[in-house]
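Trainee: Questions regarding the structure given below will be posed in turn.
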Amino acid sequence: MSRGNAPPTPPFPALMTETLSPALPDDIERLVEAVLKPACDRGLTLATAESCTGGLVASVLTDVEGRSHAFERGYVVYTDEAKAQELGVPLRLIRQNGAVSEPVARAMAEGALRESGAGAAVAITGFAGPAGPDDEPGLVHFALAASGAPTVHEEHHFGDVGRGPVRLECLRVALRLLRDAVA
């Protein structure tokens, strides 16, 4: 999962996100560290493919001084066209299954891994807030693709709790998936 170009990590005390720390719950801070420390120690690079979170995962992964070199890149792909253009998700796959689906989440993660060259990539696609008449608010699909491992998928139903709370829950799940991949 290494690209071989991450510099060695000097010893650091437990670090917190610099910009978002006052707004983030403590458990998310701990998850960020649980992702970045082993990624840095092992020289692994990470990528994100985000739809309903709008780059939130990428933001926290780049907000810890001295550890952000583990982050390779992030894709914010909100529209179907962006998913197709940036990550190579076939539009027919989106049309057949819907943008918020397991096949699309898997294709997003695998596309982010392929396009970025990172060692692991997490993808998130869902309905963070009020959705269309046939859409379930709080339904989110996650996928984690890692070099040399099968792609992992999780489906979560957070409920109609509002965009902010859904995004925070998405952050927890995405960081947990990345933590498990780099451990």
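Rule-based calculations on the coordinates, nothing more; no lab input. Treat the numbers as computed from the prediction; the structure is a model and nothing was measured. Heads up, the Cβs are rebuilt from the backbone with ideal geometry, glycines too, and the neighbour counts pull from every protein chain shown.
Trainee: What 222 nm value per residue comes from the helices of the chain, counting each DSSP H run with n ≥ 4 as -39,500 (n - 2.57) and dividing by all residues, nearest 500 deg cm²/dmol?
Mentor: -12500 deg cm²/dmol
Trainee: Magnitude of the Cβ-charge dipole of the range 24-182, K/R +1 and D/E -1, about the Cα centre, nearest 20 debye?
Mentor: Using Cβ point charges on Lys, Arg, Asp and Glu, the range 24-182 gives about 360 debye.
Trainee: I need the calculated FRET efficiency for the pair Thr151 and Arg42, taking r as the beta carbon distance and R₀ as 22 Å, to the nearest 0.05. Don't skip to the end; give the middle numbers.
Mentor: On the way: r = 20 Å, r/R0 = 0.91.
About 0.65, to the nearest 0.05.
Trainee: Would you look at the GNM of the chain, springs on alpha carbons closer than 10 Å, and say which of Val104, Val152, Val35 moves the most?
Mentor: Of Val104, Val152, Val35, the Gaussian network model singles out Val152 as fluctuating most.
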